[in-house]
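Read through the structure below, which is laid out as structure tokens, and then see the notes.
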Amino acid sequence: MNAAYSTDGQYIHPSILNADFLALGAELEKIGTADSVHVDVMDNHFVPNLTFGASMVEQIVRRSAIPVDAHLMIEDADREAPVFAEAGASSVTFHLEAAAAPIRLARELRRKNAQVGVALRPATPVEPLLDVIGEFDMLLIMTVEPGFGGQSFLETMLPKIRRARRAISAANLEVSIQVDGGVSRETIERCAAAGANVFVAGSAIYRAQNAADEISALRELASAHRAH
Ligand code: DX5
Ligand code: ZN
């Protein structure tokens, strides 16, 4: 199983939420130079939108040249998330708001060979999580309300990223920080400078003339403003 990321690198994860679902094979080929493909799983309950299930994730895993980073925006993560690790996602991220026993779930996902991410909606504070953050490979700080692509970046999340990065470094832990929502050439530098190292970009990449060029432009901007 490919590792999706490690904490000392910087990674660009295109989100296929705004791709052409009827041409998904070709849409995956466009982003072959990225580090992982970010797949947004939505159940129409945790968020008001419906996308892919585990069988679709399994097909994407089979078709994709790069690892699959599954972002689960679903209720009852404790019961549903392990299925996505079994589907072959290299990394499985569930929302803290949707998990009854996040530590038990993280351990179960790791046993199923997935890297584990824990995600926070913008209004969920990061502080209660910091004591147990070492249980996870990645912290996803949402920079929009989850549910849809193409929304504008919430600047107010930058201090949250900074506080999380400071706490993770102070504890000498290896935990990546992912940002998701409104990440583009205009916002990626500030995310990197605040301490994020995994960058999800949906519309910025799929609405660009050339996805590969956009991926390298984002990568350069992130590494020029790397915080650690
Ligand atoms: C939103 C999703 C994102 C979305 C990002 O709920 O989690 O991954 O695709 O799209 P952009 O980059 O357009 O904000
Ligand atoms: Zn996402």
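The values are calculated or read from the model by the stated rules, or taken from the named source; none is laboratory data. Predicted model, so just to flag it, every value in this text is computed and none were measured. All Cβ positions, glycine included, derive from the backbone under ideal geometry; neighbour counts span all protein chains shown.
State which residue is nearest to ligand 1 (Cβ to nearest atom) when the search covers only the stretch 41-57 and only residues that are without any contact (Cβ under 8 Å) to a residue 40 or more places away in the chain and within 16 Å of T93 (Cα to Cα). Show your work before the answer.
Taking the stretch 41-57 and keeping what is without any contact (Cβ under 8 Å) to a residue 40 or more places away in the chain, we get 43-45, 50-57.
Those still in the list that are within 16 Å of T93 (Cα to Cα) too: 43, 51-54, 57.
Working: D43: 12, T51: 9, F52: 12, G53: 16, A54: 17, V57: 14 Å.
Looking at the filtered set, the residue picked out is T51.
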Quiz item: Do we find that A19 is over 17 Å from I177 (Cα atoms), more than 16 Å from ligand 2 (Cβ to nearest atom), modelled with pLDDT of 95 or more and not charged (D, E, K, R) in this structure?
Solution: no
Quiz item: How many of the residues making up the stretch 81-117 are of a type in the set (D, E) and either away from ligand 2 (no atom under 16 Å from the Cβ) or under 22 Å from T7 (Cα atoms) (or both)?
Solution: 2
Self-check item: Boolean, D137 is closer than 23 Å to V39 by Cα and of a type in the set (D, E, K, R)
Solution: yes
Exercise. Working only within the stretch 191-216, note down all residues that are more than 19 Å from D69 (Cβ to Cβ) and free of Cβ contacts under 8 Å to residues at least 24 places away in the same chain.
Key: A208, Q209, N210, D213
Quiz item: Exactly one of (1) in contact with a helix residue (DSSP H, G or I) (Cβ under 7 Å, 6 or more places away or on another chain); (2) within 16 Å of ligand 2 (Cβ to nearest atom) is unmet by R185. Its number?
Solution: (2)
Quiz item: What residue, among those in the stretch 61-81 that are within 14 Å of ligand 1 (Cβ to nearest atom) and aliphatic (A, V, I, L, M), is farthest from I141 (Cα to Cα)?
Solution: V68
Practice problem: Quickly run through the stretch 141-190 and pick out the residues that are over 20 Å from L221 (Cβ atoms), surrounded by 20 or more Cβ atoms within 10 Å (Cβ to Cβ) and either without any contact (Cβ under 8 Å) to a residue 12 or more places away in the chain or of a type in the set (A, V, I, L, M) (or both). | Solution: M142, A164, I168, V175
Quiz item: Since R219 meets every condition but one in (1) surrounded by 15 or more Cβ atoms within 10 Å (Cβ to Cβ); (2) free of Cβ contacts under 8 Å to residues at least 40 places away in the same chain; (3) of a type in the set (D, E, K, R), which condition does it not meet?
Solution: (2)
Exercise. Might you check whether a residue that is among the aliphatic types (A, V, I, L, M), within 16 Å of ligand 1 (Cβ to nearest atom) and in contact with a strand residue (DSSP E or B) (Cβ under 8 Å, 6 or more places away or on another chain) occurs anywhere in the stretch 104-119?
Key: yes
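May I ask you to verify whether I31 is outside any strand (DSSP E or B), β-branched (V, I, T), more than 14 Å from ligand 1 (Cβ to nearest atom) and surrounded by 15 or more Cβ atoms within 10 Å (Cβ to Cβ)? Walk me through it before giving the result.
Numbers: outside any strand (DSSP E or B): yes; β-branched (V, I, T): yes; more than 14 Å from ligand 1 (Cβ to nearest atom): no; surrounded by 15 or more Cβ atoms within 10 Å (Cβ to Cβ): yes.
The answer is no for I31.
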Quiz item: Just to be sure, is S36 in contact with an Asp or Glu (Cβ under 8 Å, 6 or more places away or on another chain), surrounded by 13 or more Cβ atoms within 10 Å (Cβ to Cβ) and under 21 Å from G117 (Cα atoms)?
Solution: yes
Quiz item: From S64, S36, which residue is away from ligand 2 (no atom under 14 Å from the Cβ), under 17 Å from the mean Cα position of the chain (by Cα) and hydroxyl-bearing (S, T, Y)?
Solution: S64
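So in the stretch 118-137, with the set limited to residues that are among the aliphatic types (A, V, I, L, M) and either exposed (fewer than 14 other Cβ atoms within 10 Å of the Cβ) or away from ligand 2 (no atom under 12 Å from the Cβ) (or both), which one is farthest from V200 (Cα to Cα)?
Only one residue fits best here, namely V132.
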